[in-house]
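Heads up: the structure comes next, in structure tokens.
Every number in this text was worked out from the coordinates using simple rules, so none of it is lab data. As the structure is a prediction and not an experimental result, all values here were calculated from the model. Backbone-built Cβ (ideal geometry, glycine too); neighbour counts: all protein chains shown.
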Amino acid sequence: MIFGSFPAESGTLLEMAPRFLGCIATVLVLSSSASALDAPARPIELETPAIKKVWSQRLPGFVTDLAVSADAESVFFATIPDFDRNDGQRDFRVSRVNRSGKVLWSKKTEAQVKAVSISDDGKVAVFADYNDELTALGPSGKQLWKVHGPCRPLVMGPLKKVVCYHDDDAEPKTAYELLELGTGKRAGSFPISGDILALKLSSDARGLVMALHDANAAKGKQNRIVVMGGVMGGAQLGQLGEAYVGGVIVDVAVSSGASPNVAVLWNSGEREQKVTLLRGAAPKMEMTASEVSTTLGRGEQIEISSNGEQAFVYGNSVEGQWLRAFSGTPLRLEWSTQMSPKQAEYSSGITVTDKAVVAGVESIGELSRTSSYRAFQSTTGTPLWQTAVTREPGSYLYTQAWAPRRGLLVVGTDDAWLSAYAP
């Protein structure tokens, strides 16, 4: 169906703000109605060789978060105490290792670390702790600056900024603050009147997208998507556009470039879920929409290719652990795979690169459970590689980071093991 505009009260797909996003394609990915897509996807058995483990080491504490620089030369991570081991650490720490796993330095922190981030070149590492402090460290571990920051840091290297994402209610009137990467000086903020549901950077770290919810807003304006990007020659972050969807937003993702596309996963009803692809900023509003019914289960994460032409949805539900790819105009399901027929206790999620989608998978048998990472060719779903993950019995995949340019995958499991893999 093709629409020129929608009245907000009509219950149709979207209402767009006049300043944003030229073409919209939407796929309904969950409903109670039947369709040709109702049959579950056939599991794909990977026959490609496993990627190689580069190194693996058991740390004195448990890894809670980690980040890898784009050049794969620096791995920055946070750990908490392990009181069950005689040689376990008894404090909170941040540490840095190189591509080979060699420990460059380890520093005690005043409180447990909430989240970490690192610049593409590895020159600045930033962490937030539960004392609501935000700290930046240089390559040698020297403190560069410390500021008040009840947030999750995200480094935007090309803009030389740090996004201080307020992902809890510490400062409910602010979605994020923008800080200078070199000094920590405040460079701006984004005020809100409701809640921020999600915030993600683009793969080139030059833009971001936010999902906002305001229960007190007018009908049709409660669920808002805002896209920010580099303006003034890329030196500042300015609003590129906004849009509205007709239900609660589950997740969002934004592509790279000056005129980015946005992928949105949202609940359109109690038993319905939709994927929406918002295509590029445009001075005039033209909208096309297509919907395909399926009963394959609710997704929880959406990612987008750097060029904005594909959206990927990950789910971990009673239907198992699955992955689907959407593309085209109108948007359509390109491929789907059930990576495991059983639901995992913890969701590992996916990471998207220009050529591949990497997913953590828990394979659950009657008496055993194995962990692995699998990569699929992004346009076809063809299996590329898989690798089993070293962990102690009873432990789980906990956190991971991927440096696609250099092909380095770093995985932290909740048994204090940190491992690196490369194809």
Revision key, fill the gap. Packing-ranked peptide list from 299-312, 107-120, 194-207, highest mean Cβ count within 10 angstrom first, is 299-312, 194-207, 107-120
Revision key, fill the gap. Measuring from its Cα centre, region 302-423 shows a charge dipole (+1 at each Lys and Arg Cβ, -1 at each Asp and Glu Cβ) which, in debye to the nearest 20, is 320
Check your understanding: If you take the beta carbon distance between Gln57 and Thr183 as r and set R0 to 60 Å, what does 1/(1 + (r/R0)^6) give as a FRET efficiency, to the nearest 0.05?
Key -> 0.95
Exercise for review: Would you please give the residues with an amide H less than 5 Å from that of Ser268, counting only those at least 5 places away or on a separate chain, with H modeled from the backbone geometry?
Suggested key: Gln273, Lys274
Exercise for review: State the extension gain, in nm to one decimal, for the chain segment bounded by Lys107 and Asp87, taking 0.36 nm per residue of separation less the distance between their alpha-carbons.
Suggested key: 5.5 nm
Point to revise | Projected label distance in nm at Lys160 and Asn307, using a 7 Å step from Cα toward the beta-carbon | key: 3.2
Check your understanding: For region 328-423, what class follows from the C-alpha gyration tensor (a ≥ b ≥ c being the square roots of its eigenvalues): rounded when a/c is under 1.5, otherwise prolate if a/b is larger than b/c, else oblate?
Key -> oblate
Study note, to complete from the structure: Output ordering of 367-379, 240-252 (per-residue mean of other Cβ within 10 Å, highest first) is 240-252, 367-379
**Study point:** Between region 179-215 and region 48-87, the Cα center-to-center distance that results, in Å
**Key:** 28
**Study point:** Descending semi-axes in Å of region 139-245, equivalent ellipsoid built from Cα gyration tensor
**Key:** 26, 16, 10
Practice item. Can you bin region 59-199 into rounded, prolate or oblate? Criterion: square roots of the alpha carbon gyration tensor eigenvalues sorted a ≥ b ≥ c, rounded for a/c under 1.5, prolate for a/b above b/c, oblate for the rest. Key: oblate
Check your understanding: Could you give the nm distance between label points at Glu366 and Glu270, where each point is 7 Å from its Cα heading toward the beta carbon?
Key -> 3.8
Point to revise | Contour excess over end-to-end distance, with Cα ends at Ala215 and Asn131 and 0.36 nm allotted per residue | key: 27.2 nm
Review point. For Asp168 and Glu73 in the same chain, what is the full-extension length gain: residue separation times 0.36 nm, less their Cα-Cα distance, in nm?
Key: 31.1 nm
Study note, to complete from the structure: Looking only at lysines whose Cα falls under 26 Å of Lys146's and that sit 8 or more positions away or on another chain, we get Lys107, Lys108, Lys114, Lys123, Lys160, Lys161, Lys173, Lys185, Lys200
**Study point:** For region 49-135: relative contact order, % (alpha-carbon pairs under 8 angstrom, 6 or more apart)
**Key:** 25
Point to revise | Relative packing of peptides 254-264, 412-422 - highest average C-beta neighbours within 10 Å first | key: 254-264, 412-422
